[in-house]
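The values are calculated or read from the model by the stated rules, or taken from the named source; none is laboratory data. If you're wondering where the values come from, they're calculated on a predicted model, not measured in any experiment. Here the Cβ positions follow ideal geometry from the backbone for every residue, glycine too, while neighbour counts run over all protein chains shown. Areas reflect the complete protein model, heavy atoms only, side chains present, ligands, DNA and RNA absent. Shrake-Rupley method; radii C 1.70, N 1.55, O 1.52, S 1.80 Å.
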Amino acid sequence: MSARRFADCLTLAVVCLLAHGELRGAPIVCLVCPPLAFEIVEGLPDKKTWDFEVAEPTTRFTAFAFALSSLPKKYNSTGVIDDRAAPFLVRGTAKLELSKGEYRLLLRARGAARLSLDGKVVLETKFRVPSADGHGAVPELASVREPGLALLPAENQEQLATIELDGQPHEFRLETIVGDQKLRPELGEISVSIAGPGLASPADEPSFLLLAPSPAIPLSQPRWAEYKRANRAWLAQFDTQTRRGLAAQHDAYWKRRHEIARRYLQEQPLTAVPDGSDKNGELSPVDRFLTMGERGDGPAFTPLVDDFAFLRRVSLDTVGAIPTPSEIAAFMNDNSRDRRARAVDRLLEDPRWADHWTSYWQDVLAENPGILKPELNNTGAFRSWIYESLLDNKPLDRFATDLVMMEGSKVYGGPAGFGMATQNDAPMAEKAHVLAKAFLAVELKCARCHDAPFHPFKQKDTFSLAAMLDRKPQKLPKTSTVPVVEGGRVPLVSISLKPGERIEAAWPFDSLVVAELPDGLLQDDDDDRERFAAILTSPANRRFAEVIVNRVWTRYIGWGLASSVDDWHDAERRYPELLEFLARDFVQHGYDFKHLARTILQTRLYQSQVVASATAEVGSADTSEALGPARRRMSAEQIVDSLFLAVEKPFNSEELTFDPAGRSPANAFGNLGHPRRAWQFTSLSNERDRPALSMPVAQSVVDVLVAFGWRESRQNPLTLRDEEANVLQPLMLANGVVGARVASLSDDSAITALALIDQPPEALVQAVYLRLLTRAPRSDEEQTFVELLNDGYATRRTGADEAATVKAANRDRRTAVAWSNHHDPEATRLKIEMERATRAGDPPTVRLETDWRERMEDMVWALVNSPEFLFVP
């Protein structure tokens, strides 16, 4: 089978996986090349040796070849991310039958690995040595063994051997030991490649092919990148199946809880839904509450937005990015009367839903992972758990419960990371503050060190909750008090606790949320932490559901049903009956986040034109005029994701870690991987402030995010960011690295592909408008840009070979600079070179004539810098 045929098969498999969103039943296997069996064995002796007895595997999975760039995650019994017992063994085995003859085998690995043939070791790499003092020398990057071969990552090892095969089946076994007490348990990249008789590669590809039942994938840079993407996609689906299978073991309990909630609501009085309709027909129950008025003569809605504006708005609000041309075409070609509702349903099923909402909960829950020093005033990186919970559409009462229980991994994405509050004198008091604000709209910030002066909460309330979370009484730290000096100034705040005082676990908010629980909610009556979670999410706690409803409503409409999302003390309830109705409906549907979103997105209000006077800042709308959503600017994440999606360019960011080779323990340096969406970035600051520790590409994206209100450090919970216009915003897009990359017609730009198509200039202008602004250009706009592009349009293409230009633009982005060698002057020199290359931007294509290309780039630049691009229609 040819390399192209196998690659097409692999691509088809990945497309199918991504399209279905999950695996149903048994794992999918490639019918052309059956996947290889791999297993993970945990808890090896912490010694640099292969001499050990192998226990039973804890995980079994498959791969397309003897090549891996990531591993399946481990999950605990409730389906949340957990840690593997390191060091652990990864082992893959298969019987392969290759033609008779002499072969070369190439083993690449980060750490200790070996390849065995029929039980005899033929290739082996060395165990790794920890290093984190910063004074090492920057190692040289390995050169490739033959033209076209994929680059060897920095500090990775490579070994070559020659073997003779007799044409009979032989057992190949690949093994590697991952992590130990002083090394992060990360695989890096590992592969076995083979070259020999009958394994011909295309003329422009290297001779080595990835070892598989039918070797067909050349170990070239582009093919290896494709394989890694396929491997990650495959394992992501494997993780989804594993996670959901484990979580399903608890579904009966949660179904019972939701049934208890429904029965509880049936016993409560219900506000009748008003009658009502408008000239367009019957209104939804939500819209009727809004327009009924005191005498049934409430305000009318603004006119509906057109279909293009609706699709752009709902795409931004569901998947966090503007719609693609194919999505626009699918929507506009749907001639059904309910195509808007159908579009909402499609978008809610899109996996990108999880990407969009993850950043929201990162702010609300104060997820603040430090990639430099995870134990330096940080939480763990529990973003992965947030993302996976949203991907699985976990009911929000279950989401909150998992968070409160704080189980799983602390540093690799589990909710235990939320429990981290390093260098904090009372970490559980801090978590009580975050949880109360997020799910009860109770502000306990001032009640941390004294009684709150502007809220009816005592310091004891905060520490009573902390004792519930910590499952033990709390001793008030001296550092969490206001010092009172005899004869000194009397503090203006009230102080009711003394340093060292013991505070017992108790629920302090009976006036707001009763602590009585319906039967069947608790699994362990003696667990104070579980009791905290049960009270928080109990159907008797109307406030939990109403706070969630107000959060989602405010994000979609721009003004709230209550005037604050975070603090309901003295907050105005503008539509209390509607808030109650939506909260009941949310609970009756099992706390289903997507059901709540669908209910709001399908309202007449959401699909109406914006009202300029309705603002998120005041949290209300002026009902003396027609009702409509508030004018909203895209969030920082929406801007960045939409910019790169519009031109279909990847971030091409560095790996988000100061220890890319994994030579330090996980509690010393984190690793957030290569970001693919904006929410995955984090603060890049380092305590040394040295150029050698910079990440130029990632920093260029972070600079845009920060300018538009994103918080690179989240040391406190927050919902509404500071999104006031500032001078940095236009400067970043007009003159910054990201703006230049988006506007540049490089070979990896979708605009370049459009410009090369044989079509009239009018069609090109229309296609670019649709891609960037989700609409057709007005006649005057079209005329302006056609005039700009007409000169030289017929001769714009140079005839340069596509493959040659793409190959020429494929720069070596490897770097061996890390914390372990950042004191070396060579580290600084290399990072300064990377900074210059980043500022230079993406190399422009040579397939378009220079003068015409620059005018085309001017058009793209003008559109992405227009206010229309930045605002939600």
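Things to note:
- In the range 407-429, the count of residues that are surrounded by fewer than 22 Cβ atoms within 10 Å (Cβ to Cβ) and among the aromatic types (F, W, Y) is zero.
- First in the range 630-652 and on the phi > 0 side of the Ramachandran plot and part of a loop (DSSP other than H, G, I, E, B), second anywhere and open to solvent by 10 Å² or more (accessible area, probe 1.4 Å) and of a type in the set (K, R), Cβ under 8 Å, 6 or more apart: N652/R813
- Enumeration of residues in the range 307-357 that are of a type in the set (D, E), assigned to a helix (DSSP H, G or I) and more than 21 Å from G628 (Cα to Cα): E327, D345, D355
- Residue ID - surrounded by the most Cβ atoms within 10 Å (Cβ to Cβ), chosen from residues in the range 774-799 that are touching a residue at least 24 places away in the same chain (Cβ under 8 Å) and not in a loop (DSSP other than H, G, I, E, B): F785
- Unique residue being farther than 30 Å from R574 by Cβ, open to solvent by less than 10 Å² (accessible area, probe 1.4 Å), modelled with pLDDT of 90 or more and part of a loop (DSSP other than H, G, I, E, B) when the list is L672, L656: L656
- For the range 851-865, the criterion of being over 30 Å from G662 (Cα atoms) and part of a loop (DSSP other than H, G, I, E, B) is met by at least one residue.
- Residue ID - farthest from P213 (Cα to Cα), chosen from residues in the range 71-90 that are among the small types (G, A, S) and open to solvent by 30 Å² or more (accessible area, probe 1.4 Å): S77
- A count restricted to the range 720-755 and to residues that are under 30 Å from G799 (Cα atoms) and either polar (S, T, N, Q) or touching a residue at least 12 places away in the same chain (Cβ under 8 Å) (or both) stands at 18.
Here's the yes/no breakdown for (1) crowded, with 16+ Cβ neighbours inside 10 Å; (2) under 24 Å from L718 (Cα atoms):
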| residue | (1), (2) |
| --- | --- |
| F289 | yes, no |
| P299 | yes, no |
| S326 | no, no |
| R339 | yes, no |
| R342 | no, no |
| L347 | yes, no |
| R352 | yes, yes |
| H356 | yes, yes |
| D363 | yes, yes |
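- Of all residue pairs spaced 6 or more apart or on separate chains, none has beta-carbon atoms under 6 Å together with a first member in the range 495-522 that is under 15 Å from K458 (Cβ atoms) and a second member that is in a strand (DSSP E or B) and open to solvent by 30 Å² or more (accessible area, probe 1.4 Å).
- Helices (runs of 4 or more DSSP H) lying entirely in the range 695-773 (those with 1 or more residues that are touching an Asp or Glu at 6+ places or on another chain (Cβ under 8 Å) and surrounded by 19 or more Cβ atoms within 10 Å (Cβ to Cβ)): 696-707, 728-735, 737-743, 761-773
- Against the conditions (1) open to solvent by 20 Å² or more (accessible area, probe 1.4 Å); (2) touching a strand residue (DSSP E or B) at 6+ places or on another chain (Cβ under 8 Å), S193 satisfies every one except (1).
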